[in-house]
Amino acid sequence: MASLGSRKATSEIIQKYRFDFRKKYGQNFLVDKNILDKIVAAADISRDDCVLEIGPGIGTMTQRLAEEAGEVVAVEIDGNLIPILEETLSGYDNVTVIHDDILKVDIEDIAKRHGGRPMKVVANLPYYITTPIIMALFEKRLPLKSITVMVQQEVADRMGVGPGTKEYGALSLAVQYYARPEIITKVPAACFMPKPNVDSAVVRLTRYDEPPVEVEDERWLFTLIRASFNQRRKTLANGIANAGIGIGRGQVEDALAVTGLPPTTRGETLTLKQFADLSNALCGQRR
Ligand code: SAM
């Protein structure tokens with residue numbers, strides 16, 4: 001099978017199988033070899049690595065990953081793509097395609113079956129579920145070394161920003177708690193087929209061995225963070241009190257006072273360290 005990655009090769013496969021792009025699955029296939037090279041280089045893959053690819057599409061990036069990695073496991077939700085993948089990946093004996101939803105599949109089990117070594121995730125993500133996928137990969141405490149993904153430019157910006165910006169939110173804090181984010185390259189909409197409405201960026205998230213802040217209960221930290229950003233216009237104390245997570249306004253105000261912050265503090269002004277302190281202070285107080 002000839003290598004994919006060009007507009008021409010992609011069109012030929014699409015026509016041969018009479019494939020209809022499904023918007024609901026965020027299907028925008030990469031048709032730019034230069035960008036493919038950049039993603040694969042950024043993921044820094046060797047024969048020692050097992051790579052998890054989310055949404056292989058017609059297998060364009062999968063082929064490249066199979067050439068570099070020891071093993072590739074690709075999870076694709078769209079059954080119409082499975083026969084295409086059988087053809088485009090027929091020349092590789094180190095690729096397993098799983099027909100499933102990445103949010104339902106047991107990734108921990110996949111990791112175990114493939115030697116239990118930390119995996120590298122590489123994906124041109126379906127944009128409609130970018131945030132849930134990234135949060136799930138981190139929060140399930142999977143054995144991952146890095147996540148190198150194509151996301152919307154706006155999402156890439158949200159991952160790296162700190163307090164005081166309008167992009168700052170639960171995703172920024174989750175990413176920065178677990179990993180060091182870097183934007184590798186911007187990707188114009190013209191590099192995809194069909195062309196999406198937004199520009200994209202490739203981001204590499206390198207997992208920390210230890211989180212940069214000390215937290216008694218990670219789940220509780222993220223419950224608190226989500227509650228803090230649910231109602232951005234309210235003060236942190238009101239937002240958390242309204243979220244129904246067993247903490248009242250007075251408790252938040254007291255905890256803020258201990259860390260030297262005023263009762264009128266808003267969630268978007270708190271650093272990760274301040275959220276960690278607040279979550280530790282409130283951890284034992286839940287009703
Ligand atoms: N990797 C291909 C490429 O770069 O050309 C395709 C990328 S396309 C943006 C996203 C892919 O993810 C599609 O193949 C789509 O069918 C698949 N997908 C969408 N939702 C998914 C899900 N929940 N689980 C697994 N794959 C999914």
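The residues of segment 7-207 expose, per residue, 43 Å² of accessible area to a 1.4 Å probe.
Summing charges over all other residues whose Cβ lies under 12 Å from the Cβ of residue 58, with Lys and Arg as +1 and Asp and Glu as -1, gives -4.
What percent antiparallel are the DSSP beta bridges of segment 7-207, to the nearest 5? Don't skip to the end; give the middle numbers.
Details: 17 of 36 bridges.
Here the share of antiparallel DSSP bridges comes out near 45 percent.
Of the cross-linked pairs 16/120; 23/104; 166/273, those separated by over 28 Å at the C-alpha level are 16/120. Under a Gaussian network description of the chain, with springs only between Cα atoms under 10 Å, the residue in 267, 55, 91 that fluctuates furthest is 91.
Tell me the carbon and sulfur percent of the accessible area for the chain, rounded to whole percent, probe radius 1.4 Å. Percent of accessible area from carbon and sulfur atoms in the chain: 47. The mean sequence distance of close C-alpha pairs (under 8 Å, at least 6 residues apart), as a share of the length of segment 199-268, puts its relative contact order at 26 percent.
Tell me, in nm to one decimal, what length is gained between residue 87 and residue 242 on full extension, where the rule is 0.36 nm per residue of separation less the Cα-Cα distance?
Numbers: separation 155, 0.36 × 155 = 55.80 nm, distance 5.33 nm.
That pair, residue 87 and residue 242, stretches by 50.5 nm at full extension.
I'd like the FRET efficiency for residue 264 and residue 101, computed as 1/(1 + (r/R0)^6) with the beta carbon distance as r and R0 of 51 Å, rounded to 0.05. After rounding to 0.05, the efficiency reads 0.75.
When restricted to Cα atoms, segment 7-207 yields an Rg and a Dmax of 16.0, 51 Å, respectively. The mean sequence separation of alpha-carbon pairs under 8 Å and at least six residues apart, normalised by the residue count of the chain, gives a relative contact order of 15 percent. Its residue count N sets the reference 2.2 N^0.38 Å, and the alpha-carbon radius of gyration of segment 218-285 equals 0.93 times that reference.
Around residue 8, with a cut-off of 14 angstrom between Cβ atoms, what is the net charge of the other residues, counting Lys and Arg +1 and Asp and Glu -1? Charge balance in the 14 Å sphere: +1. Using a cutoff of 8 angstrom between alpha carbon atoms and counting only pairs six or more residues apart, the relative contact order for segment 1-76 works out to 31 percent.
The values are calculated or read from the model by the stated rules, or taken from the named source; none is laboratory data. Bear in mind that the values here come from a model prediction, so they are computed numbers and not experimental data. Methodologically, a virtual Cβ is constructed for each residue, glycine included, from the backbone with ideal geometry; neighbour enumeration extends over all protein chains shown. Protein only, heavy atoms only, side chains kept; ligands, DNA and RNA dropped before computing areas. Shrake-Rupley method; radii C 1.70, N 1.55, O 1.52, S 1.80 Å.
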